[in-house]
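Below: one structure, written as structure tokens.
The values are calculated or read from the model by the stated rules, or taken from the named source; none is laboratory data. This is a predicted model, so every value here is computed, not measured. Glycine gets a Cβ as well: all are built from the backbone with ideal geometry, and neighbour counts include every protein chain shown.
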Amino acid sequence: MFTLDRYITRHANRYVLTVTLTLLALISMYALFEELDEAYGFWEAMAYVARTLPRRFDEILVYSLFLGYLIALGSLAEHRELTVCRTAGMSITRLILALTPSLVLWLGASLAVSEYVAPNTERSAEVEKMKAQFGDDAVNRMSTLWFRYNNLFMQVQAINEQGEVLGVQQFIVDDDRALIESLRAKTATYDEARQRWTLHEGARSIYGDDGARTVPFDTWTWNNPITPEVLASQAFLDPNKMSMAALLRQIDFARAQQLGVSEYELAFWSRVFKPITFIGLTLLALSVVIGPLREVGMGARLTVGIFAGLGFKYMQDLFAPAALVFNIPAQIAILIPIAAYWAVALLLIRRNV
């Protein structure tokens, strides 16, 4: 039985690797064409695509795993090897256990890349892309960022790689949303030990019934838990490109702003539920091979696999915005597509046990 386990594991890994490399090559080629439309050099665009490969690998891996297992198990079924395994006493549960080493290997690779490799290479890619597009003035060409913390609204023009903030404007309102104070500063630096900011070269304006009073300053101390890491993550990375630690920082920041369900929560819970996503799609691949696709050819299996993968992605894309609009708990929005695929897989397996 262990010989069969090793054979199935090698067979599955070979097809998953082949599908992953094929999809990664296609996606990278299209990504390169998109980057070349953004008016910077070919080699800089190539470097950007290369740096973003870890993130693209992690994004496609769940679909590669499903397609790879579908093809691998379908190949075994076509050559009657799956029938031999069942005749030798290998139950559906035993088949799932035979795929477990492969599943653990790819899940471990996904978690390692998404947590330790992709966030760093993504940020590096975005910074180098800006430098290639705008040269030494890159940091000043970033899009303006807005933040809210309780009754404070803050605008930041840019943040460099050292964590220094450029072009700060703050607006403080009362409970009736009337402006009572504003502040602008040329730069701001963060003291991590004291958890406070020092704003440099600016002016503070206080508004009252008798008008506004403006006081210039060389330095101004601002006590606030917003860290450069929180600002930098929002400046350089989308939620799906962050590590779980960075997502937790952003979630705490979003909760402090009382923003309801945020994109960071959706990305975080999607990462938390990644293992059961992988297991669910593995079960679905096995269930359709031993069930409705047992006697069909490879082309039909690929077609079903592609549409099933697209269906899963479309369901995720449907429920994620719904969570933001209707304030549905992020866990539920992420679990609904996963639960739907688990239900289909278990139903098919139960019919063919």
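Among (1) surrounded by fewer than 16 Cβ atoms within 10 Å (Cβ to Cβ); (2) part of a helix (DSSP H, G or I); (3) in the same structural domain as A339 (by TED's automatic domain parsing); (4) modelled with pLDDT under 85, where does P292 come up short?
Result: P292 passes all but (2).
Of all residues in region 220-253, which are over 26 Å from R204 (Cβ atoms) and modelled with pLDDT under 70?
S233, F236, L237
Quick check: anything in region 65-86 in contact with a Phe, Trp or Tyr (Cβ under 6 Å, 6 or more places away or on another chain), small (G, A, S) and assigned to a helix (DSSP H, G or I)?
Yes: one or more hits.
When L199 is evaluated against the numbered criteria (1) at pLDDT below 90; (2) assigned by TED's automatic domain parsing to the domain that holds D174; (3) buried (at least 17 other Cβ atoms within 10 Å of the Cβ), which criterion, by number, is the only one it fails?
It is condition (1) that L199 fails.
Would you please list the contacts, defined by Cβ atoms under 7 Å and residues six or more apart or on different chains, that run from a residue in region 22-33 that is in a helix (DSSP H, G or I) to a residue that is of a type in the set (F, W, Y)?
Taking only residues 6 or more apart or on different chains, the pairs are L24/F57.
Got a sec? Which of T198, T189 is of a type outside the set (A, V, I, L, M) and either in contact with a His (Cβ under 8 Å, 6 or more places away or on another chain) or within 16 Å of R148 (Cα to Cα) (or both)? Steps first, answer last, please.
Details: T198 fails: either in contact with a His (Cβ under 8 Å, 6 or more places away or on another chain) or within 16 Å of R148 (Cα to Cα) (or both).
The match here is T189.
Any residue in region 181-192 that is of a type in the set (V, I, T), at pLDDT 80 or above and surrounded by fewer than 14 Cβ atoms within 10 Å (Cβ to Cβ)?
Looking only at region 181-192, we keep the residues that are of a type in the set (V, I, T), and these are 187, 189.
If we keep only those that are at pLDDT 80 or above too, we end up with 187, 189.
Subsequent filtering for residues that are surrounded by fewer than 14 Cβ atoms within 10 Å (Cβ to Cβ) retains none.
No.
Please determine whether any residue of region 142-150 is farther than 25 Å from Y15 by Cα, in a helix (DSSP H, G or I), polar (S, T, N, Q) and modelled with pLDDT under 85.
Of region 142-150, the ones farther than 25 Å from Y15 by Cα are 142-150.
Adding the requirement that they be in a helix (DSSP H, G or I) leaves none.
So far as region 142-150 goes, no, none of its residues is farther than 25 Å from Y15 by Cα, in a helix (DSSP H, G or I), polar (S, T, N, Q) and modelled with pLDDT under 85.
Restricting to region 77-108, what's the tally of residues that are farther than 15 Å from L283 by Cβ, aliphatic (A, V, I, L, M) and surrounded by 15 or more Cβ atoms within 10 Å (Cβ to Cβ)?
Result for region 77-108: 3.
Scanning region 74-111 for residues that are β-branched (V, I, T) and over 15 Å from Y7 (Cα atoms), which turns out modelled with the lowest pLDDT? Explain how you work it out, then say what you get.
Here is the first cut: in region 74-111, the residues β-branched (V, I, T) are 83-84, 87, 92-93, 96, 100, 104.
From what is left, the residues that are over 15 Å from Y7 (Cα atoms) are 87, 92-93, 104.
Numbers: T87: 72, I92: 79, T93: 80, V104: 94.
Checked region 74-111; the qualifying residue modelled with the lowest pLDDT is T87.
Of the residues that sit in region 205-219 and are touching a residue at least 12 places away in the same chain (Cβ under 8 Å) and in contact with a Ser or Thr (Cβ under 7 Å, 6 or more places away or on another chain), which one is farthest from R123 (Cα to Cα)?
S205
From the list T83, T18, T22, exactly one residue is assigned by TED's automatic domain parsing to the domain that holds S287 and closer than 22 Å to T121 by Cα. Which is it? I'd like the intermediate steps shown before the answer.
On the way: T83 fails: closer than 22 Å to T121 by Cα; T18 fails: closer than 22 Å to T121 by Cα.
After ruling out the rest, the residue left standing is T22.
From the set of residues in region 35-58 that are of a type in the set (D, E) and surrounded by 11 or more Cβ atoms within 10 Å (Cβ to Cβ), which is nearest to the chain's Cα centre (by Cα)?
Filtering region 35-58 for residues that are of a type in the set (D, E) and surrounded by 11 or more Cβ atoms within 10 Å (Cβ to Cβ), the one nearest to the chain's Cα centre (by Cα) comes out as D58.
Right, I338: surrounded by fewer than 15 Cβ atoms within 10 Å (Cβ to Cβ), of a type in the set (V, I, T) and assigned to a helix (DSSP H, G or I) or not? Outline the logic, then answer.
Details: surrounded by fewer than 15 Cβ atoms within 10 Å (Cβ to Cβ): no; of a type in the set (V, I, T): yes; assigned to a helix (DSSP H, G or I): yes.
It is false that I338 is surrounded by fewer than 15 Cβ atoms within 10 Å (Cβ to Cβ), of a type in the set (V, I, T) and assigned to a helix (DSSP H, G or I).
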